[in-house]
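Notes to accompany the following structure.
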Amino acid sequence: MPAFMIFSTLLAVGIVAYYILKKYNPIFVFLFSGLLILIFAFYFTGAPIPKAPIRESASFLDVILDSFAFITATFKAQLSGVGLIIMSVAGFAAYMKHINASAKLAFLANKPLGKIKNKYLILSGTFVVGMALKIVISSYAGLLLLLLACIYPVLIALKIRPITAVCVLSFIALDYGPKDGSSINMADMVGQKDNVVGLFLNYQIWSVIAYVVVIAILIPFYFAWVDKRDKAKGVLCEEVEAPEIIDPKCPTPYIFFPWLPVVFLFSAYFLNIKLDVVTANFVSIALVFIIEFIRHRDGRKLGEDMVVILKAMADIFISVVSIIIAASVFAEGIKSLGGVGILANAVSSLGKEGEFAAVAVFISIAALSFLVYGFTVIMGSGIAAFNAFGRLAPDIATRLGIAPITLVLPIEIASCLGRAASPIAGGIIALAGFVKISPVEIIKRTTPLLLIAMVVNILVAFYLAKANPIETPKPQENVAIVQVH
């Protein structure tokens with residue numbers, strides 16, 4: 001039985017990966033496969049349908065209806081929880097873009113870069129500034145488009161090659177901070193959706209700092225070598241005309257508006273006031289509405305702005321929230337097959353203390369991180385891979401005796417790095433299209449540093465895991481994983 005459970009788990013993951021590689025819609029693949037796996041697991045491993053009523057006997061129709069009832073429950077839970085949070089973040093971000101506040105912030109952020117003499121140090125400075133902006137402009141593709149308009153022309157004017165400029169911009173990849181959708185989703189996975197700020201300050205910030213420091217140090221040396229190599233080969237070294245730098249039309253004080261939810265969330269955290277992300281975003285929107293009304297004296301404009309916010313919330317439901325829901329169903333199906341539990345028990349049994357326990361933790365972090373990295377490269381989106389495997393991580397972490405966040409966090413970071421390494425990711429395609437090159441040209445130059453970043457990610461996560469142990473539960477017998485009907 002254990003061998004069958006492991007085999008069926010690996011087979012299910014392999015089949016899903018195959019259809020995603022074939023460019024099937026990941027939402028459909030995850031939802032449909034999750035439904036089939038739940039039904040299969042009910043009959044072949046004895047796993048009950050999640051959230052289904054206890055029955056003494058269940059007909060096939062009961063199993064089908066229970067499976068769809070679980071999907072309904074998942075939709076309700078996500079839409080009223082993390083889904084609503086992510087939609088509110090997207091609505092606020094769209095409003096900031098609509099009134100040019102985020103564009104103005106990106107435009108003014110490039111001013112200090114002009115004071116740096118060495119062009120390769122300017123690249124490092126650009127990366128650091130971009131990563132700082134990421135905490136308030138959470139969309140990867142959205143931030144890259146802003147930087148292409150505001151900072152890219154400065155880099156070209158300073159005789160930096162277009163290919164080198166867009167490669168560095170692609171590294172501004174990590175999703176982090178208390179108002180980021182991936183961070184909110186990660187907090188929900190570990191059962192702390194109301195503690196996004198605390199998870200950021202205690203865990204996520206260390207992974208981000210390590211990434212920023214290492215990549216910022218490596219950028220000057222690495223790209224000096226890449227430019228020299230390309231020049232010797234005569235590759236992508238043509239002179240280009242610097243595009244015009246456009247100052248967005250909006251008052252300068254508007255650069256503070258994108259920071260409002262972050263300021264509210266951090267203030268509430270340190271003042272011990274209960275404030276959730278949705279409320280922080282809606283309060284921020286209301287404040288900006290008031291200022292915009294005072295500025296324009298036009299009530300109709302506020303109505304149009306509200307439509308912009310609602311449309312952005314609808315769009316993010318299609319592109320992000322729906323994938324989270326579908327991947328949640330798939331993850332629950334994979335859990336019901338039992339193979340993940342058996343493998344987790346096997347890894348955790350390497351040792352309860354000392355170096356063997358450390359080896360088990362390190363193997364788990366590295367394996368899951370690179371698995372998500374690889375899937376993200378293939379799919380071009382970190383959301384699906386992160387949700388499919390991230391929701392399996394808390395159970396594995398508990399069996400290993402480490403805090404769930406310390407295993408989920410490196411997976412979240414890996415999904416961001418994998419997105420930056422994917423030639424079909426929206427942000428990479430935008431960068432490549434802007435400078436009229438193939439996305440593969442960017443990936444070939446950035447992958448070495450992204451792999452180094454993966455190593456850094458795993459090492460930081462391993463340190464956090466060892467520094468935050470929890471009591472390891474007694475290993476369960478294989479028969480306890482399933483419930484016979």
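The values are calculated or read from the model by the stated rules, or taken from the named source; none is laboratory data. Everything numeric here is computed off the predicted structure, so don't read it as measured data. Because the Cβ atoms are built from the backbone with ideal geometry, glycine has one as well, and the counts that use them run over all protein chains shown. Quick note on the areas: whole protein, heavy atoms, side chains included, nothing else; ligands and nucleic acids left out. Shrake-Rupley method; radii C 1.70, N 1.55, O 1.52, S 1.80 Å.
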request  = Take the alpha carbon atoms of segment 20-58, find their center, do the same for segment 105-179, and report the distance between the two centers in whole angstrom.
outcome  = 44
message = Quick check: with the 1.4 Å probe, what order do 419, 300 take by accessible area, largest first?
response = 300, 419
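Could you order peptides 361-369, 278-286 by the average number of other Cβ atoms within 10 Å of their residues, highest first? The partial results should precede the final answer.
Numbers: 361-369: 21.3, 278-286: 18.6.
So the peptides 361-369, 278-286, ranked by packing, come out 361-369, 278-286.
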query = Given the pairs 117/159; 104/134; 104/159, which are separated by over 20 angstrom at their Cα positions?
reply = 104/159
ask   = With contacts defined as alpha carbon pairs under 8 Å and 6 or more residues apart, what's the relative contact order of the chain in percent?
value = 25
message = Positive end of the dipole of the chain, charges at C-beta (+1 Lys, Arg; -1 Asp, Glu), about the Cα centre: which of 336, 266, 27 has its Cα farthest in that direction?
response = 266
request  = Would you work out the relative contact order for segment 64-146, in percent, from Cα pairs under 8 angstrom that are 6 or more residues apart?
outcome  = 23
request  = Give the peptides 76-89, 198-211 in descending order of average Cβ contacts within 10 Å, highest first.
outcome  = 76-89, 198-211
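Could you list, in their original order, any pairs among 111/311; 119/233; 249/311; 115/179; 97/179; 193/466 whose Cα atoms are separated by more than 25 Å?
111/311; 115/179
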inquiry  = Taking the 0 to 90 degree range and rounding to the nearest ten, how far is the long axis of helix 26-44 tilted relative to the main principal axis of the chain, both from C-alpha atoms?
reply    = 10
ask   = For the chain, what's the radius of gyration and Dmax over Cα atoms, in angstrom?
value = 23.6, 76
message = Helix 405-420 against the longest principal axis of the chain: what's the angle in degrees, Cα atoms only, rounded to the nearest 10?
response = 50
message = Can you give me the long-range amide H partners of residue 402? Hydrogens built in the peptide plane at 1.01 Å from N, cutoff under 5 Å, separation of 5 or more residues or another chain.
response = 470
Inter-label distance for residue 301 and residue 44, nm, one decimal - labels placed 7 Å from Cα along Cα-to-Cβ = 6.1
query = So how much slack lies between residue 98 and residue 256, counting 0.36 nm per residue of separation and subtracting their Cα-Cα distance, in nm?
reply = 55.4 nm
request  = For residue 306, tell me the accessible area in Å² from a 1.4 Å probe, rounded to the nearest 10.
outcome  = 80
remark   = Taking GluC sites (Glu not before Pro) in a DSSP loop with at most 12 other Cβ atoms within 10 angstrom as exposed, one finds the longest site-free stretch of the chain at 57-237
query = Where does each of 383, 15 land when they are ordered by accessible area, with a 1.4 Å probe and the largest first?
reply = 15, 383
query = Per residue of the chain, what 222 nm ellipticity follows from adding -39500 (n - 2.57) for every DSSP H run with n ≥ 4, rounded to the nearest 500?
reply = -23000 deg cm²/dmol
inquiry  = Can you give me the angle between helix 2-21 and the longest principal axis of the chain, using Cα atoms only, in degrees from 0 to 90, rounded to the nearest 10?
reply    = 30
